[in-house]
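Note sheet for the following structure.
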Amino acid sequence: MTAIGIGADDAALELKGVLIEHLKEKGYEVQDYGIKEGADYPDVAVEVAEAVARGEHERAILCCGTGLGMSITANKVPGVRAAQCHDVYSAERARKSNNAQVLTMGQRVIGPEAAKTVLDAWLESEFAGGSSAKKVEKMEAIDRRYHGAASSS
Ligand code: RB5
């Protein structure tokens, strides 16, 4: 797997740190997008999501206060499917059904231990294909309708 991209705004730096440490302990390579002066969640989300769309990361994680702003922004980048998940079932389905390459979480919503469990479920789940494939293709067609060609990665 390519390095896992991870970014956060200033509302989620602690959660990002916990998740980076957890990923490294599990042997994953991580690319931390850091924190830039004056950067808000849309700035971080678009930078990481564009890297995903270019194929630089198969998976990426975005953390903010709620996970919502990161998800909404990342989903504006053609070809990117970002899912806000704070429970294990949603994290599994985000991969199996939706082929989400980006997981978003909120530091104000979930504690560090639960966040690690959700992250593990998401990382360990793969896209199921089958009947889910045509639904993901329909999402990609919507991307193309509004933005031109979209990556199917
Ligand atoms: C803080 O800017 C907060 O609004 C942000 O981290 C996020 O929760 C937005 O969705």
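Residues with beta-carbon under 10 Å from that of Gly69, excluding Gly69: net charge, scoring Lys, Arg +1 and Asp, Glu -1?
Details: positive: none; negative: Asp9, Asp40.
Charge balance near Gly69 sits at -2.
Which value, in Å² and to the nearest 10, is the accessible area of Lys16 when all protein chains are kept and the probe is 1.4 Å?
Per-residue accessible area (Lys16): approximately 10 Å².
If I fit a long axis through the Cα atoms of helix 112-123 and take the longest principal axis of the Cα atoms of the chain, what angle between them do I get, 0 to 90°, rounded to 10?
30
How high is the relative contact order of the stretch 4-147? Use alpha-carbon pairs under 8 Å, at least six apart in sequence, and give a whole percent.
24
Considering the chain as a Gaussian network with a 10 Å cut-off on Cα pairs, which listed residue, Arg54, Arg81, Arg93, attains the greatest mean-square fluctuation?
For the chain, modelled as a Gaussian network with Cα springs under 10 Å, the answer is Arg54.
Taking H as built 1.01 Å from N, whose amide H comes closer than 5 Å to the amide H of Glu58, not counting residues under 5 places away?
HN-HN under 5 Å from Glu58: Thr2.
What figure in square angstrom, to the nearest 10, would you give for the accessible area of Leu119 with a 1.4 Å probe?
Leu119 has an accessible surface of roughly 0 Å² with all protein chains in place.
Please list 3J(HN,Hα) in residue order for the stretch 48-63, calculated via the Karplus relation 6.51 cos²θ - 1.76 cosθ + 1.60 where θ = phi - 60°; whole Hz, with x for glycine and proline.
6, 5, 5, 5, 5, 4, 7, x, 6, 9, 6, 9, 8, 10, 10, 10
Can you list the lysines whose alpha carbon is less than 29 Å from that of Lys36, not counting same-chain residues fewer than 8 positions off?
The qualifying lysines are Lys16, Lys24, Lys26, Lys76, Lys116.
What is the local net charge at Asp40, summed over the other residues whose Cβ is closer than 14 Å to its Cβ (Lys, Arg +1; Asp, Glu -1)?
The answer is -4.
Is the stretch 1-100 best put as rounded, prolate or oblate by its Cα gyration tensor, with a ≥ b ≥ c the root eigenvalues, rounded for a/c under 1.5, and otherwise prolate when a/b is larger than b/c, oblate when not?
Values: a/c = 1.25, a/b = 1.09, b/c = 1.14.
Since a/c stays below 1.5, the shape of the stretch 1-100 is classed as rounded.
Carbon and sulfur together cover what percent of the accessible area of the chain at a 1.4 Å probe radius? Can you show the working numbers first?
Numbers: 3680 of 7490 Å².
In the chain, the share of accessible area belonging to carbon and sulfur is 49 percent.
Build a GNM of the chain with springs between Cα atoms under 10 Å: which of Thr117, Thr104, Thr66 gets the top mean-square fluctuation?
Top of the fluctuation ranking is Thr117.
May I ask for the angle, rounded to the nearest 10°, between helix 131-147 and the longest principal axis of the chain, with both axes built from Cα atoms and the value confined to 0 to 90°?
The angle comes out at about 90 degrees.
Would you tell me the accessible area of Lys76, worked out with a 1.4 angstrom probe on the heavy atoms of the protein chains, in Å² to the nearest 10?
Number for this one is 130 Å².
Once fully extended, how much extra length lies between Glu29 and Glu47, figured as 0.36 nm per residue of separation less the alpha-carbon to alpha-carbon distance?
Working: separation 18, 0.36 × 18 = 6.48 nm, distance 1.85 nm.
Separation in residues times 0.36 nm, less the Cα-Cα distance, equals 4.6 nm.
In Å², what does the accessible area per residue of the stretch 38-153 work out to with a 1.4 Å probe?
Working: 5450 Å² over 116 residues.
So the stretch 38-153 comes to 47 Å² accessible per residue, rounded to a whole number.
May I ask for the net charge around Arg108, where only other residues with Cβ less than 15 Å from the Cβ of Arg108 are counted and Lys, Arg are +1 while Asp, Glu are -1?
On the way: positive: Lys16; negative: Asp9, Asp10, Glu14.
Charge balance in the 15 Å sphere: -2.
The values are calculated or read from the model by the stated rules, or taken from the named source; none is laboratory data. Just so we're clear, the structure is a prediction, and the values are computed from it rather than from any experiment. Methodologically, a virtual Cβ is constructed for each residue, glycine included, from the backbone with ideal geometry; neighbour enumeration extends over all protein chains shown. Heavy atoms of the whole protein, side chains included, go into the accessibility calculation; ligands, DNA and RNA do not. Shrake-Rupley method; radii C 1.70, N 1.55, O 1.52, S 1.80 Å.
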